[in-house]
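Visitor: The following block contains the structure, expressed as structure tokens.
A short reminder: the numbers here are calculations on the coordinates, not readings from a lab. Computed from a predicted model, the values in this text were never measured in an experiment. With ideal geometry, Cβ positions are generated from the backbone for all residues, glycine too; neighbour counts draw on all protein chains shown.
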Amino acid sequence: MMSNKGCYTLSLGALSRWLADQAEGLGVEIFPGFAAAEVLYNEDGSVKGIATGDLGLDAEGKPTANHEPGVELLAKYTFFAEGVRGSLSQQLMERFNLRDGVEPQTYGIGIKELWDVAPEKHKPGQVIHTQGWPLTDTGGGGFLYHQDQGQVAIGFIVALDYENPYLSPFEEMQRFKTHPAIRPVLEGGKRVAYGARAINEGGLQAIPKLVFPGGALIGCAAGFVNVPRIKGSHNAMKSGMLAAEAAFQAIKLGGTGGDELTAYPEAFRASWAYKELYRARNARPALAKFGGLLGTLYSGLDLWLNSLGLGFLAPWTLGNHEDHSALKKAAEMTKIDYPKPDGEITFDRLSSVYLSNTNHTENQPCHLTLKDAAIPVAVNLADYDGPEARFCPAGVYEFVEDGDSGGAQRLQINAQNCVHCKTCDIKDPTQNITWVTPEGGGGPNYPNM
Ligand SMILES: Cc1cc2nc3c(=O)[nH]c(=O)nc-3n(C[C@H](O)[C@H](O)[C@H](O)COP(=O)(O)OP(=O)(O)OC[C@H]3O[C@@H](n4cnc5c(N)ncnc54)[C@H](O)[C@@H]3O)c2cc1C
Ligand code: SF4
């Protein structure tokens with residue numbers, strides 16, 4: 001399972017553009033630049049479709065001269081493919097109790113850069129996966145993929161169940177690049193792109209019920225990532241195909257929609273994707289349960305037994321815990337002193353965000369909503385020393401002096417920098433931040449990531 005021989009390394013952005021052409025060639029209509037902002041329901045409670053968000057609202061939510069109301073897209077079955085921690089998918093899980101009886105979903109934050117490297121250092125097809133360093137007591141690791149056009153995709157994933165509020169996944173990624181086995185690959189090269197995105201790490205045991213009346217969750221909205229392999233796109237595609245086949249059959253048999261497509265979860269259960277995820281199910285929880293060294297040994301043994309068809313010797317399934325609940329108070333933990341960026345191999349947040357081509361219309365409602373505006377200072381800053389300023393890889397959250405109140409702090413949200421990684425929605429210790437879709441078309445633009 002851990003072998004990458006025969007796999008392709010490529011840009012998922014480029015693959016998606018190619019797939020879009022194929023789909024349009026088959027008559028599929030694609031609406032890029034529109035966010036699905038709301039789930040629409042029939043009177044009987046089944047999902048009717050979605051509504052796209054309004055365009056041209058000002059920061060207070062009032063229509064401007066450019067206002068265009070959202071449109072409704074209705075369907076017999078609506079598939080939600082929002083990727084990890086989808087904002088509507090979260091609502092659906094709650095409304096239809098889709099997470100009842102499954103383990104909590106857990107996540108990592110992946111930070112990735114593209115580098116044009118010196119020609120003599122480029123080894124097309126080479127794949128390097130690492131684990132651990134520079135992390136000490138938190139799970140995570142890095143990857144280097146030598147892609148075409150002389151580029152290397154390099155990234156680092158930090159498990160979001162870390163305890164120390166002083167930990168900064170962004171700075172850990174910067175440190176990762178200074179390892180003596182990594183730095184030489186980048187020296188003499190040029191960083192050309194930057195991005196960040198959470199990744200599901202909960203495994204098979206965290207996959208929710210996949211269907212509800214009138215729709216289904218597919219891809220990473222449900223969480224089909226094979227964590228030890230750091231691969232989810234194959235299972236995302238497979239789940240979409242299985243759901244599509246189930247809907248096609250139901251409609252062919254005269255179905256009018258609005259019911260549960262139970263054939264989809266049944267087909268998933270019988271698929272190679274389920275078998276693969278079943279074999280990998282204990283790898284990530286073992287690291288959380290037993291720590292880096294013992295957990296890795298356990299995972300290796302478990303994967304090895306499964307690869308030999310001896311998985312029945314370890315038939316149990318380990319559980320997960322919610323990432324935000326793992327954060328400890330600042331007073332219990334030690335501050336981490338990260339080195340300053342050198343501007344050649346390591347960089348700061350703002351120059352990084354610049355390379356993500358992130359753009360949001362400035363005058364629009366903030367898409368990083370707070371349930372209680374007082375909590376960031378009263379709890380997050382007071383108890384955890386403001387971890388959102390560190391776990392956000394785009395510098396969106398800043399505690400600044402509030403000019404009007406004699407030195408007191410307030411949380412400033414630079415929402416226009418948000419790269420839509422969803423980490424704040426996941427890791428905020430008080431679960432006070434809810435990520436909602438910004439105005440359609442806003443966000444990072446990753447041409448070749
Ligand atoms: C750092 C990192 C490295 C990875 N490396 C690999 C790898 O090497 N191989 C591999 O197979 N997998 C890898 N994965 C996992 C892989 O990226 C995912 O499993 C896969 O992209 C999931 O596909 P998806 O279509 O379900 O979701 P996504 O690819 O996340 O696509 C969802 C899309 O929906 C959009 N969206 C979300 N909400 C809305 C909304 N409400 N309205 C409109 N649009 C919306 C999002 O902006 C996004 O474009 C990696 C993940 C990370 C984070
Ligand atoms: S604001 Fe939240 S979603 Fe946006 S980049 Fe920061 S952590 Fe990610």
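Visitor: Would you mind ranking Met173, Met1 by Cβ crowding within 10 Å, fewest neighbours first?
Guide: Details: Met173 28, Met1 14.
Neighbour counts put them in this order, fewest first: Met1, Met173.
Visitor: If you build a Gaussian network model of the chain, linking Cα atoms that sit under 10 Å apart, which residue out of Glu362, Glu113, Glu398 swings the most?
Guide: Glu362
Visitor: Let's see if you can work this out: charge +1 on each Lys and Arg Cβ, -1 on each Asp and Glu Cβ, no other charges. What is the dipole magnitude of segment 196-291 about its Cα centre, in debye to the nearest 20?
Guide: Values: 12 positive and 6 negative charges, 101 e Å.
Approximately 480 debye in magnitude.
Visitor: List Cys220, Cys366 from most exposed to least, where exposure is judged by having the fewest other Cβ atoms within 10 Å. Mind dumping the intermediate values first?
Guide: Values: Cys220 24, Cys366 16.
By the 10 Å Cβ count, ascending: Cys366, Cys220.
Visitor: Rounded if a/c is under 1.5, else prolate if a/b beats b/c, else oblate: with a ≥ b ≥ c from the C-alpha gyration tensor eigenvalues square-rooted, which is segment 239-380? The partial results should precede the final answer.
Guide: Numbers: a/c = 2.08, a/b = 1.26, b/c = 1.65.
Oblate.
Visitor: Per residue of segment 360-372, in order, report the coupling 6.51 cos²θ - 1.76 cosθ + 1.60 (Karplus, θ = phi - 60°) as ³J(HN,Hα) in whole Hz, putting x for Gly and Pro.
Guide: Computed from phi, the couplings for segment 360-372 are 9, 4, 5, 8, 8, x, 5, 8, 10, 8, 10, 5, 9 Hz.
Visitor: Further, regarding this structure: Please list, in order along segment 132-137, the HN-Hα scalar couplings obtained from phi with the Karplus expression 6.51 cos²θ - 1.76 cosθ + 1.60 (θ = phi - 60°), rounded to whole Hz, x for Gly and Pro.
Guide: For segment 132-137, the Karplus-derived couplings read x, 2, x, 6, 10, 10 Hz, x marking Gly and Pro.
Visitor: Which of Leu167, Leu15, Leu242 has the fewest other C-beta atoms within 10 Å, and how do the rest follow up to the most? Show your work: numbers first, answer last.
Guide: Details: Leu167 21, Leu15 13, Leu242 25.
Starting with the residue having the fewest Cβ neighbours, the order is Leu15, Leu167, Leu242.
Visitor: What's the extension gain from His234 to Thr178 if we count 0.36 nm per residue and subtract their Cα-Cα distance? Working shown, then result.
Guide: Numbers: separation 56, 0.36 × 56 = 20.16 nm, distance 3.13 nm.
Result for the pair: 17.0 nm of gain on full extension.
Visitor: Using only DSSP helix segments of four residues or longer, with each worth -39500 (n - 2.57), what per-residue ellipticity at 222 nm results for the chain after dividing by its residue count and rounding to 500?
Guide: On the way: 12 runs with 110 residues, N = 449.
Helices in the chain give a 222 nm mean residue ellipticity of -7000 deg cm²/dmol.
Visitor: So, in nm, how far is label Glu60 from label Asp372 when the simple model puts each one 7 Å beyond its Cα toward the Cβ?
Guide: 2.7 nm
Visitor: Set the Förster distance to 41 Å, then compute FRET efficiency between Asp116 and Asp402 from the Cβ-Cβ distance, nearest 0.05. Could the numbers behind the result be given before it?
Guide: Details: r = 43 Å, r/R0 = 1.05.
The formula returns an efficiency of 0.40 here.
Visitor: Let me ask another. Mind running the shape call on the chain? Use the C-alpha gyration tensor, a ≥ b ≥ c as the square roots of the eigenvalues: rounded below 1.5 for a/c, prolate if a/b tops b/c, oblate otherwise.
Guide: On the way: a/c = 1.36, a/b = 1.08, b/c = 1.26.
Here the chain falls in the rounded category.
Visitor: If you don't mind, there's one more thing I want to ask. Quick check: the distance between the Cα centres of segment 56-74 and segment 348-416, to the nearest angstrom?
Guide: 25 Å
Visitor: For the charge dipole of segment 1-143, defined by +1 on Lys and Arg C-beta atoms and -1 on Asp and Glu C-beta atoms about the Cα centroid, which residue among Val71, Leu57, Leu12 has the Cα displaced farthest towards the positive pole?
Guide: Of the candidates, Leu12 comes out farthest on the positive side.
Visitor: Oh, and also: Please give the contour-minus-distance gain from Lys5 to Ser325: 0.36 nm per residue of separation, less the Cα-Cα distance, rounded to one decimal in nm. Write out the running numbers ahead of the final one.
Guide: Details: separation 320, 0.36 × 320 = 115.20 nm, distance 3.81 nm.
Result: 111.4 nm gained on full extension.
Visitor: In a shell of Cβ-Cβ distance under 14 Å around Leu277, excluding Leu277 itself, what net charge do Lys and Arg (+1) and Asp and Glu (-1) give? Numbers along the way, then the final one.
Guide: Details: positive: Arg229, Lys231, Lys238, Arg269, Lys275, Arg279, Arg281, Arg284; negative: Glu103, Glu201, Glu276, Asp302.
Here the count lands on +4.
Visitor: Report the calculated FRET efficiency for Ser16 and Ala382 (r = Cβ-Cβ distance, R0 = 41 Å), to the nearest 0.05. Intermediate values should be presented prior to the final figure.
Guide: On the way: r = 43 Å, r/R0 = 1.05.
Taking R0 as 41 Å, the efficiency between Ser16 and Ala382 is 0.45.
Visitor: In vacuum, with every alpha carbon of segment 162-294 counted as one equal point scatterer, what does the Debye formula give for log10 I(q)/I(0) at q = 0.09, 0.10, 0.20 Å⁻¹? Two decimals, please.
Guide: -0.41, -0.50, -1.15
Visitor: Taking the simple approach of a point 7 Å from Cα along Cα-to-Cβ for both Lys123 and His67, what is their distance in nm?
Guide: Spacing of the two 7 Å Cα→Cβ label points: 6.0 nm.
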